[in-house]
Amino acid sequence: MIYFDNAATTKPCAEAVRAFENCGFGNPSSLHGLGVEAEAVLKDTKNAILKKLGKEGEVYFTSGATESNNLAVFGTANALKRRGNRIVTTAIEHPSVAEPMKKLEEQGFEVVRLKPCEHEDFEKAIADAVDEKTILVSFMSVNNETGFVIDSKKVYNEVKKKFPKCVVHSDGVQGFCKVPIYADIISISAHKIHGFKGVGALYKSKETRLLPTVYGGGQQGGLRSGTEPVELTAAFGAAVRAYPEDLSCFSELKAHLLKLLGEADGVTINSRNSVDNIVNFSVQGVRSEIMLHFLEEREIYVSSGSACSRGKISPVTAALGISPKDADSAIRVSFCRDNTVEEINALAKGIADGIKRFRR
């Protein structure tokens, strides 16, 4: 099997599996020894996340990136709605940000959505859209469909220079461990970095105020109630610590893939200003779903875009300037540290054979 759908999910690494298997079963809220041990596991993973982010602040565990993004968006809006009602975001956000934004509009908030294809300097456009009524800026550090990178440092510095009280949130799910992320609030997920599904985290600076969206036993300072999944969290921490600092393997794989795609007839590269581990391209004359299943017959697994789109053409592609024709034939390839040049060769051969078979 050749797996190139790592932007959707990654295989748990050996370190995460061992951490899960060796973790105790205590409840972190229990006062006895097993509870104390479980609480120590949570603290250890929080420290690993803070170290990887290069920040000081607070980390809250959630059920995954969707909950983290919902908590960031609704938690900020509800906490600051007396200060203003304007939110600046982008038109390329994951549904776990885009859908909460729609709900906030129904509640009377003004939501400004910016498209990269309409701005030469997208980071400046985001910052310029902020005014004195803006309470939240929310953008993804790396787009999950094409790998498009938003320079979070530039956005953060420009926004804070003009409006220091405006909260900056970044959906860091695809960017965590791969690019620096600057924000007051950052959403991350374990299963994108070789941890397990079912656990994510939300980083928050100490100065940032959020209101909870889940109520119950008051765990995690009352911001996110519910018994913490200690075993999943232990694996999360192990995956963070095991993730390599040197990511040159991604640039090598990307360069080799682009070279081979450049030799193919009628292939358009959709990724621009993108991270090295995601490449989106269109095979003209062959619909995405057809090519995807043709490759699957050879046990080569890729994506037609976001795993959340389920075969539908995503509106994100239009906002990135990708034509409907190219979007209909788009393939996303996303690497992990275990992928090889030989696997890239097999993928390129599969694409070439698919073109011969299906292009009309």
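The values are calculated or read from the model by the stated rules, or taken from the named source; none is laboratory data. None of these values were measured; they are calculated from a predicted model. Don't worry about glycine lacking a Cβ; one is built from the backbone with ideal geometry, like all the others, and counts go over all protein chains shown.
Tallying residues that are free of Cβ contacts under 8 Å to residues at least 40 places away in the same chain and either surrounded by 14 or more Cβ atoms within 10 Å (Cβ to Cβ) or touching a Pro at 6+ places or on another chain (Cβ under 9 Å) (or both) within the range 222-275 yields 5. On the basis of being touching a Phe, Trp or Tyr at 6+ places or on another chain (Cβ under 9 Å) and among the hydrophobic types (A, V, I, L, M, F, W, C), does Cys23 make the cut? Here the answer is no, as Cys23 does not meet what is asked. Residue count for the range 262-314 under the criterion of being at pLDDT 95 or above, closer than 13 Å to Ile351 by Cβ, in a loop (DSSP other than H, G, I, E, B) and not aliphatic (A, V, I, L, M): the result is 1. Evaluation of Gly226 against the conditions (1) over 16 Å from Leu71 (Cβ atoms); (2) in contact with a helix residue (DSSP H, G or I) (Cβ under 9 Å, 6 or more places away or on another chain) shows that the sole unmet condition is (1). The set of residues in the range 7-31 that are assigned to a helix (DSSP H, G or I) and either basic (Lys, Arg) or crowded, with 16+ Cβ neighbours inside 10 Å (or both) comprises Glu15, Ala16, Val17, Arg18, Ala19, Phe20.
A single entry from Gly221, Gly195 fulfils the requirement of being small (Gly, Ala, Ser) and not in a helix (DSSP H, G or I): Gly195. Does Pro180 count as surrounded by fewer than 15 Cβ atoms within 10 Å (Cβ to Cβ), out of contact with any Gly (no Cβ under 8 Å at 6 or more places or on another chain) and not in a helix (DSSP H, G or I)? Considered against the rule, which asks whether it is surrounded by fewer than 15 Cβ atoms within 10 Å (Cβ to Cβ), out of contact with any Gly (no Cβ under 8 Å at 6 or more places or on another chain) and not in a helix (DSSP H, G or I), Pro180 comes out as no. Cβ-Cβ below 9 Å, separation at least six or inter-chain, first residue in the range 342-360 and under 10 Å from Leu261 (Cα atoms), second part of a helix (DSSP H, G or I) and modelled with pLDDT under 95: which pairs? Every condition considered, the pairs that remain are Ala348/Glu263; Ala352/Glu263.
What do you reckon, is Ser334 closer than 27 Å to Gly195 by Cβ, polar (S, T, N, Q), modelled with pLDDT of 95 or more and not assigned by TED's automatic domain parsing to the domain that holds Arg113? So Ser334 passes the test. Scanning the range 45-65 for residues that are assigned to a helix (DSSP H, G or I) and farther than 17 Å from Gln219 by Cβ yields Asn47, Ala48, Ile49, Leu50, Lys51, Lys52, Leu53, Ala65.
Take the residues in the range 198-218 that are outside any loop (DSSP other than H, G, I, E, B) and aliphatic (A, V, I, L, M), then tell me which one is farthest from Tyr60 (Cα to Cα). Per the stated criteria, the residue is Val214. Take the residues in the range 91-110 that are among the hydrophobic types (A, V, I, L, M, F, W, C) and within 21 Å of the chain's Cα centre (by Cα), then tell me which one is nearest to Ser187 (Cα to Cα). Within the range 91-110, the match that is nearest to Ser187 (Cα to Cα) is Val97.
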